[in-house]
Structure formats: C-alpha cells, structure tokens
Amino acid sequence: MARKAHVGVQLHPQHATIDELRDAWVRADQLGLDSIWTWDHFFPLYGDPAGEHFEGMSLLAAMAATTSNARLGLMVTCNSYRNPELLADMYRTIDQISGGRTYLGIGSGWFERDYTEYGFPFLTARGRLTKLEEDLPRIKGRLEQLNPGPVGSLPILIGGSGEKVTLRLVAAEADAWNTFGPPELYAAKNAVLNEWCDKLGRPRTEVERTVCVGKEDIGRFDEYLDAGATHLIMMHGVQIPGGERTGFDFEAVTALLEWAEG
C-alpha cells in the first residue's frame, strides 16, 4: 500500500553524544523513513545554551556513509556560513558518498549567536535574503562545473515563509520548500507559493511541499495533507525532563510512520 505522504525525521544535534545521534539516524534508516535531516547551527537552540552540540555538514557526511535508504539533508543549511562555491562542492561530495540521496537544503539564516561567536557578519533579514538570492546561481553554477558532479538530482530545498522574497525564490529556484505549521498557516503560505509559481510560469507540481511537525501535531497530520504538504518531517531532540536524559525515543516518529502507512 502506498503511503499517504513521504515522512521523515529531523534529529536535533544538541544535548546528545555522537553515539546517540549515530544510533538514531541508523534506526531511522532501518525503520524505512523517507528522509533524515539535522540542522545547521553551532550552539543549542533550546535547553542549556552551553550544552553539547555538533556541526551539521560533518554530521551529514557521516549520515551519508552510514545509511543506505533514506534521503538526507540539513533543514536547512545557513547560506551565510560558507562560500557558495565551497558549499556546492561539499554537497556534491556528500551526494557522492550517499549514492545520490542528498537534498541541498538552504535558507538565509537567523540565529544571531552563530554569527557573532563565529565571526560572520549579521546582516539585516533583508540583507541575508538578498545574499541568498545572489548566491543561489553561484551554487548552481559550481555544481555544473564540478567533476564528478552529484550522483543524484541533488534537489534544492529552500526553507522559509516570507511571502515577498522567500516564496518567490522557491518558485524561481527550488525543487522543494519547507516551513512550519499549524496547518492553517501552512495552507496560507502554500497558497502564496502557488501564486508565485503561476506568476513565474513554474508548474506547481515541480516544487515538493515539506513541513516540519512536532509531537503536538499528532492527530493533525491529515490536515497538513489538506493544506498542501506532501512530505511531513517530525522534529526530534533528546529529551531531558528534570535534567535526566531519555534519548531519542522515536515515539512521535513511529506515530507519524504508522499514520503514513495506515
């Protein structure tokens, strides 16, 4: 029986050991999830700000080497952290390691601590978007020049929901799009993306619609389908209630998978 939608997991690379992360992505691959993701930050986004954390591109390469089935990606790469030609080369190499299973997920960036502590200029939100728009053709151009090139199609996924710039960039440049819920908000943003596709002459079906969901969305997955999503990705971190680490329990991931197969 075909699944209702593609399903995946985003593993948060914070407050966890490398062994816990590796065990989680291997288990996700063995479960038969369609996609496995992590993020591109340098410090925890919640919990203890001085807690354990690992760099995303390095993790993505390790995931590529130790999984066999799922598609892989960063949700999403910060465009500001790496030269666009270097970013293209890194993704080409990871796609080769994975055997053609990699997404090139990218966004304009937002987490100010990453910028200040690593010495990157923290432009205005519009400035960061302008840089993303300028860098996307450079990334695509370098991918075309690399020898060897990517093994797979290396679809470009843009994350974000800004209606004037980001969604226009998705319609013009991307193969996939990601944002967050709730379903009614996702439906509204999806409608704007459809309008941009129509204005730019881009077939709507050429852009995959992904959404990041959480435990609070269990019971609302069908609403995301009705809102236009075709690929649901469960966000998942190590839980530390009362300071006690419980690991990646996968309860919500299993619920998502069971829904998709039901």
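The table below gives the values:
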read-out	value
222 nm mean residue ellipticity, helices alone, for the chain (DSSP H n ≥ 4; -39,500 (n - 2.57); rounded to 500)	-13000 deg cm²/dmol
Gain upon complete extension [GLU85, GLU258; 0.36 nm per residue less C-alpha separation]	58.2 nm
In the chain, lysine pairs closer than 26 Å at Cα, eight or more apart or cross-chain	13
Positive-end residue, the chain charge dipole about Cα centroid, Cβ charges, pick of LEU31, PHE54, PRO148	PRO148
Within the chain, percent of DSSP bridges classed antiparallel, to nearest 5	5
Debye, to nearest 20: dipole size of the chain, +1 on Lys, Arg Cβ, -1 on Asp, Glu Cβ	740
Global form of the range 57-110, assessed from the alpha-carbon gyration tensor, a/c cut-off 1.5	prolate
Likely footprinting exposure, ILE18, ILE94, fewest C-beta neighbours within 10 Å first	ILE18, ILE94
Long-range amide H partners of MET234 with built H, under 5 Å	GLY8, VAL9, GLN10, VAL213
Efficiency of FRET from Cβ geometry, GLU195 and THR17, R₀ 41 Å, rounded to 0.05	0.35
5 angstrom amide H check on GLN14, placed H, neighbours 5+ away	VAL238
Least to most buried among ASP114, ASP23, ASP95 (fewest other Cβ within 10 Å first)	ASP23, ASP114, ASP95
Cβ-derived FRET efficiency at R0 30 Å, ARG126 paired with ALA50, nearest 0.05	0.40
Ascending count of other beta-carbon atoms within 10 Å, so fewest first, for TYR224, TYR118	TYR118, TYR224
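Each value in this text was obtained by applying a stated rule to the coordinates, not by laboratory testing. None of these values were measured; they are calculated from a predicted model. Because the Cβ atoms are built from the backbone with ideal geometry, glycine has one as well, and the counts that use them run over all protein chains shown.
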